[in-house]
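Chemist: Quick one: the structure is below, and I'll ask about it shortly.
The values are calculated or read from the model by the stated rules, or taken from the named source; none is laboratory data. Only a predicted model underlies this, so the values are computations on that prediction, with no experimental measurement involved. A quick note on method: Cβ atoms are made from the backbone with ideal geometry, for glycine too, and the neighbour counts reach across all protein chains shown. We work out accessible area using only protein heavy atoms, side chains counted, and drop any ligands, DNA or RNA first. Shrake-Rupley method; radii C 1.70, N 1.55, O 1.52, S 1.80 Å.
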Amino acid sequence: MVLVDLAASKAMGSAAVLLFLTVLMLAAAKRMSTSIVAFALQSAVLAAQVLAVAHIHRSTESYVIGGLVILIKVLGIPYALFRLVDKLQAPRDVKLSLSPVYSVFITAGLIFLSFTAVHTYVQELRVSEDVLAAAVALILSGAFLMVSHGKALMQIIALLVLENGIFLAALITTFGMPMIIEIGVFFDLIMGVLLMGVFAFRIRDTFEHLDVSKLRRLRG
Amino acid sequence: MTTAAANVLQYLLLVLGAPLLRALIARVKAVIQRRQGTNLWRPYADLLKLFRKEDLVPPDSSPLFRFAPMMLAASTFVAAALVPTVNQSALLAFAGDFIVLVYVLALGRFFMGLGALDGSSSFAGMGASREAMISALAEAPLLLGLIAVAILAGQGNIVEIVRWTLSQNFFDVSAVHAVAFAALAMVAIAETGRMPVDNPTTHLELTMIHEAMVLEYSGPSLALIEWAQAVKLTVVLSLLIGLFAPWGMAANLTLAGLALGLGAYLLKLVVLAIVIAVLESSIAKLRMYMVPEFLGIATALGALAVVFTALLRR
């Protein structure tokens with residue numbers, strides 16, 4: 001039990017490190033399946049953080065939310081994405097618009113940027129610098145993934161990464177939002193993924209590819 | 001006195017036990033592929049047989065051809081003396097020895113490349129140039145990763161870094177450690193010629209790197225190369241274990257402490273061997289032109305680790 005307490009108290013800081021690694025993994029990934037696995041890992045780290053907060057503050061609501069994160073983000077959405085990749089029968093590469101080396105370098109730069117960005121707020125908020133920086137880094141790298149990848153499916157993942165960042169920021173600044181808001185956010189997320197999945201099918205059927213960069217020609 | 005004896009023993013364990021680790025990886029791979037696999041002691045029999053055979057030298061080669069494997073073996077064995085395994089000290093330990101480790105390994109590669117070129121076989125020359133490219137690209141991330149860990153620990157000595165890591169809390173994973181580990185693990189794969197970079201079991205001329213270099217070698221020279229290669233793999237893995245997961249390493253020289261250290265070390269090596277075997281069985285080799293990209297990512301991670309040491313200093 002003592003060990004669990006210790007692990008929970010350290011989980012916040014250590015988990016931030018793992019989040020950085022998943023962000024870098026997403027930036028370097030060359031296949032859809034790798035990206036989906038990286039997203040699932042990221043969500044698992046997030047779930048561990050929620051459970052750690054729940055353990056420290058002894059709140060049942062946070063346990064429920066942690067369970068929901070595992071159910072939806074670690075298992076549900078990755079499974080849905082894998083099925084989507086399977087059904088779309090699209091090529092498996094992610095269509096990176098620049099070399100993975102540059103992508104990793106830029107993501108590293110974004111991580112530094114987030115560290116410098118949160119530096120002034122850390123003292124006021126009394127939270128660990130690592131975790132807040134990880135939240136900002138997730139948001140920034142989600143946005144970067146969105147512009148650097150040309151595949152509709154990768155943009156879904158990028159949006160989910162961005163959402164993970166916002167979720168983490170909310171978690172560490174408020175130590176757990178009210179249940180009803182969290183459930184609303186999750187519902188939103190499922191609807192979003194569902195809609196984007198349908199959309200990906202429509203794009204594929206109309207244009208016979210999933211390359212978003214080619215959609216520009218549709219301008220009237 | 002007893003420390004010195006323990007150091008000599010752990011050194012001998014590393015150098016003499018290294019072929020066994022290679023055999024273990026091959027065995028696990030065989031099990032995954034549903035093959036029977038070879039005996040775990042087979043590498044030793046191979047080495048003995050090779051040492052007793054005649055050393056055939058290409059007619060056009062110079063004395064360098066025979067000299068290169070000796071240099072490779074000598075430099076690798078020196079590198080092995082720098083790494084603590086069971087005990088919290090090493091046979092050779094001095095300030096800045098992690099840099100020596102990097103360049104002693106590079107020295108062996110350099111001479112191996114020269115020897116391969118000297119054999120005047122076109123395949124060996126091709127292998128040498130590929131190996132030179134990979135080692136040039138792998139040097140930066142290897143040094144950066146090691147420097148990041150050294151800055152974090154505030155020590156320039158591998159043994160001191162290991163001691164510092166041991167004194168840290170298990171749950172206090174630092175961002176530097178995580179990123180440096182990722183960089184060094186990628187380099188370790190490239191340095192030891194394992195799967196996504198080089199296939200140690202291939203003899204297909206288009207893809208082989210290390211195997212192409214040693215094509216012309218036979219007899220005792222080949223035995224030295226094979227042995228050095230096995231020791232190098234063990235050294236690199238032991239370095240990873242020592243820097244990132246040294247828990248269980250013997251602090252004091254009691255019999256119980258040493259036994260625990262030995263058990264923990266062997267367990268970690270076996271786990272790493274299984275991980276390598278599973279990885280090698282599940283992924284395909286990278287195309288030659290993708291290797292710079294792979295090592296470029298490692299370099300980016302290494303640079304990130306070094307900058308993190310400045311960011312996270314409190």
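Chemist: Being in a helix (DSSP H, G or I), over 30 Å from residue B:292 (Cα atoms) and at pLDDT 90 or above narrows it down to one of A:45, A:23, A:37, so name that one.
Modeler: Selected residue: A:45, the only one of A:45, A:23, A:37 that is in a helix (DSSP H, G or I), over 30 Å from residue B:292 (Cα atoms) and at pLDDT 90 or above.
Chemist: Let me ask you something else. If you check A:71, A:81, which single one turns out to be away from chain B (no Cβ under 14 Å), closer than 29 Å to residue A:182 by Cβ and touching a residue at least 40 places away in the same chain (Cβ under 8 Å)?
Modeler: Values: A:71 fails: touching a residue at least 40 places away in the same chain (Cβ under 8 Å).
After applying the criteria, what remains is A:81.
Chemist: Moving on to the next point. Quick one: is residue A:40 in contact with a Ser or Thr (Cβ under 8 Å, 6 or more places away or on another chain) and either crowded, with 18+ Cβ neighbours inside 10 Å or in contact (Cβ under 8 Å) with a residue 60 or more places away in the chain (or both)? Can you show your working first?
Modeler: Values: in contact with a Ser or Thr (Cβ under 8 Å, 6 or more places away or on another chain): no; either crowded, with 18+ Cβ neighbours inside 10 Å or in contact (Cβ under 8 Å) with a residue 60 or more places away in the chain (or both): yes.
For residue A:40, the condition - in contact with a Ser or Thr (Cβ under 8 Å, 6 or more places away or on another chain) and either crowded, with 18+ Cβ neighbours inside 10 Å or in contact (Cβ under 8 Å) with a residue 60 or more places away in the chain (or both) - is not met.
Chemist: Further question: Among the residues of segment B:115-138, write down those that are of a type in the set (Ser, Thr, Tyr) and assigned to a helix (DSSP H, G or I).
Modeler: Taking segment B:115-138 as the starting set, the residues that turn out to be of a type in the set (Ser, Thr, Tyr) are B:120-122, B:129, B:135.
Answer for segment B:115-138, where residues must be of a type in the set (Ser, Thr, Tyr) and assigned to a helix (DSSP H, G or I): B:122, B:129, B:135.
Chemist: Of all the residues that make up segment B:181-237, how many are of a type in the set (D, E, K, R) and without any contact (Cβ under 8 Å) to a residue 60 or more places away in the chain? I'd like the intermediate steps shown before the answer.
Modeler: Pass one, segment B:181-237, residues of a type in the set (D, E, K, R): B:191, B:194, B:198, B:205, B:211, B:216, B:226, B:232.
Okay, now just the ones that are also without any contact (Cβ under 8 Å) to a residue 60 or more places away in the chain, so none.
Summing the residues that are of a type in the set (D, E, K, R) and without any contact (Cβ under 8 Å) to a residue 60 or more places away in the chain in segment B:181-237 gives 0.
Chemist: Considering each residue of segment A:139-159, count those that are among the β-branched types (Val, Ile, Thr) and either within 13 Å of chain B (Cβ to nearest Cβ) or closer than 13 Å to residue A:35 by Cβ (or both), and give that number. Explain how you work it out, then say what you get.
Modeler: Let us first name the residues in segment A:139-159 that are among the β-branched types (Val, Ile, Thr), namely A:139, A:147, A:156-157.
Still in the list and also either within 13 Å of chain B (Cβ to nearest Cβ) or closer than 13 Å to residue A:35 by Cβ (or both): A:156-157.
Residues meeting the conditions: 2.
Chemist: Mind counting the residues in segment A:95-115 that are open to solvent by less than 90 Å² (accessible area, probe 1.4 Å) and without any contact (Cβ under 8 Å) to a residue 24 or more places away in the chain?
Modeler: Matching residues across segment A:95-115 total 5.
Chemist: Now, a different point. Being open to solvent by less than 20 Å² (accessible area, probe 1.4 Å) and either in contact with a Lys or Arg (Cβ under 6 Å, 6 or more places away or on another chain) or closer than 28 Å to residue A:107 by Cα (or both) is the filter here, so list the residues in segment A:46-55 that pass it.
Modeler: As a first pass, look at segment A:46-55 and keep what is open to solvent by less than 20 Å² (accessible area, probe 1.4 Å): A:46-47, A:49-50, A:52-54.
If the condition is that a residue be open to solvent by less than 20 Å² (accessible area, probe 1.4 Å) and either in contact with a Lys or Arg (Cβ under 6 Å, 6 or more places away or on another chain) or closer than 28 Å to residue A:107 by Cα (or both), then A:46, A:47, A:49, A:50, A:52, A:53 are the ones that fit.
Yes/no per residue for (1) closer than 29 Å to residue B:280 by Cα; (2) at pLDDT below 90; (3) more than 14 Å from chain A (Cβ to nearest Cβ):
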residue: B:151; (1), (2), (3): no, no, yes
residue: B:154; (1), (2), (3): no, yes, yes
residue: B:173; (1), (2), (3): yes, yes, no
residue: B:176; (1), (2), (3): yes, yes, no
residue: B:232; (1), (2), (3): yes, no, yes
residue: B:238; (1), (2), (3): yes, no, yes
residue: B:241; (1), (2), (3): yes, no, yes
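Chemist: Does at least one position in segment A:157-177 carry a residue that is crowded, with 22+ Cβ neighbours inside 10 Å and of a type in the set (Val, Ile, Thr)?
Modeler: Yes, segment A:157-177 contains a residue that is crowded, with 22+ Cβ neighbours inside 10 Å and of a type in the set (Val, Ile, Thr).
Chemist: Restricting attention to segment A:178-194, which residues are under 19 Å from residue A:74 (Cα atoms) and open to solvent by 50 Å² or more (accessible area, probe 1.4 Å)?
Modeler: Once the filter is applied, which keeps residues that are under 19 Å from residue A:74 (Cα atoms) and open to solvent by 50 Å² or more (accessible area, probe 1.4 Å), segment A:178-194 yields A:183, A:187, A:188, A:190, A:191, A:194.
Chemist: Is it fair to say residue B:168 is free of Cβ contacts under 8 Å to residues at least 24 places away in the same chain, away from chain A (no Cβ under 14 Å) and in a loop (DSSP other than H, G, I, E, B)?
Modeler: Details: free of Cβ contacts under 8 Å to residues at least 24 places away in the same chain: yes; away from chain A (no Cβ under 14 Å): no; in a loop (DSSP other than H, G, I, E, B): yes.
When the stated conditions are applied, residue B:168 does not pass them.
Chemist: Looking at (1) more than 14 Å from every other protein chain (Cβ to nearest Cβ); (2) part of a helix (DSSP H, G or I), find the lone condition where residue A:127 falls short.
Modeler: It is condition (2) that residue A:127 fails.
Chemist: Sticking with this structure for a sec: Yes or no: segment A:195-218 includes at least one residue that is surrounded by fewer than 21 Cβ atoms within 10 Å (Cβ to Cβ), touching a helix residue (DSSP H, G or I) at 6+ places or on another chain (Cβ under 6 Å) and among the charged types (D, E, K, R).
Modeler: Within segment A:195-218 (the criterion being surrounded by fewer than 21 Cβ atoms within 10 Å (Cβ to Cβ), touching a helix residue (DSSP H, G or I) at 6+ places or on another chain (Cβ under 6 Å) and among the charged types (D, E, K, R)), the answer is yes, since at least one residue qualifies.
Chemist: For residue A:136, all conditions in the list (1) crowded, with 16+ Cβ neighbours inside 10 Å; (2) in contact (Cβ under 8 Å) with a residue 40 or more places away in the chain; (3) away from chain B (no Cβ under 12 Å); (4) farther than 29 Å from residue A:215 by Cα hold save one; what is the number of the exception?
Modeler: The single condition residue A:136 does not satisfy is (2).
Chemist: Oh, and also: Within segment B:238-260, which residues are within 15 Å of the chain's Cα centre (by Cα) and crowded, with 22+ Cβ neighbours inside 10 Å?
Modeler: Those that are within 15 Å of the chain's Cα centre (by Cα) and crowded, with 22+ Cβ neighbours inside 10 Å: B:238, B:239, B:241, B:242, B:243.
Chemist: Now for a different question. Of all residues in segment A:1-32, which are more than 9 Å from every other protein chain (Cβ to nearest Cβ), free of Cβ contacts under 8 Å to residues at least 60 places away in the same chain and surrounded by 16 or more Cβ atoms within 10 Å (Cβ to Cβ)?
Modeler: Matches in segment A:1-32: A:8, A:22.
Chemist: Same structure again: Go through segment A:68-101 and report how many residues are part of a helix (DSSP H, G or I) and under 30 Å from residue B:291 (Cα atoms). I'd like the intermediate steps shown before the answer.
Modeler: From segment A:68-101, those part of a helix (DSSP H, G or I) are A:68-88, A:100-101; that's our starting set.
Next, only the ones that are under 30 Å from residue B:291 (Cα atoms) stay: A:78, A:81-82, A:85-86, A:100-101.
So the answer is 7.
Chemist: Look through segment B:261-314, keep the residues that are within 14 Å of chain A (Cβ to nearest Cβ) and part of a loop (DSSP other than H, G, I, E, B), and return whichever of them is most open to solvent (accessible area, probe 1.4 Å). So that I can check it myself, show each step before the final result.
Modeler: In the first step, residues of segment B:261-314 are kept if they are within 14 Å of chain A (Cβ to nearest Cβ); the result is B:279, B:282-284, B:286-287, B:289-314.
Remaining after also requiring part of a loop (DSSP other than H, G, I, E, B): B:283-284, B:286-287, B:312-314.
Details: B:283: 68, B:284: 80, B:286: 51, B:287: 156, B:312: 30, B:313: 155, B:314: 201 Å².
Among those residues, the one meeting the criterion is B:314.
Chemist: Which one of A:58, A:92 is within 23 Å of residue A:201 (Cβ to Cβ), surrounded by fewer than 19 Cβ atoms within 10 Å (Cβ to Cβ) and either among the acidic types (Asp, Glu) or at pLDDT below 90 (or both)? First the steps, then the outcome.
Modeler: On the way: A:58 fails: within 23 Å of residue A:201 (Cβ to Cβ).
Only one candidate passes the filter, namely A:92.
Chemist: Could you list, in sequence order, all residues of segment B:126-159 that are free of Cβ contacts under 8 Å to residues at least 12 places away in the same chain and open to solvent by less than 20 Å² (accessible area, probe 1.4 Å)?
Modeler: Once the filter is applied, which keeps residues that are free of Cβ contacts under 8 Å to residues at least 12 places away in the same chain and open to solvent by less than 20 Å² (accessible area, probe 1.4 Å), segment B:126-159 yields nothing.
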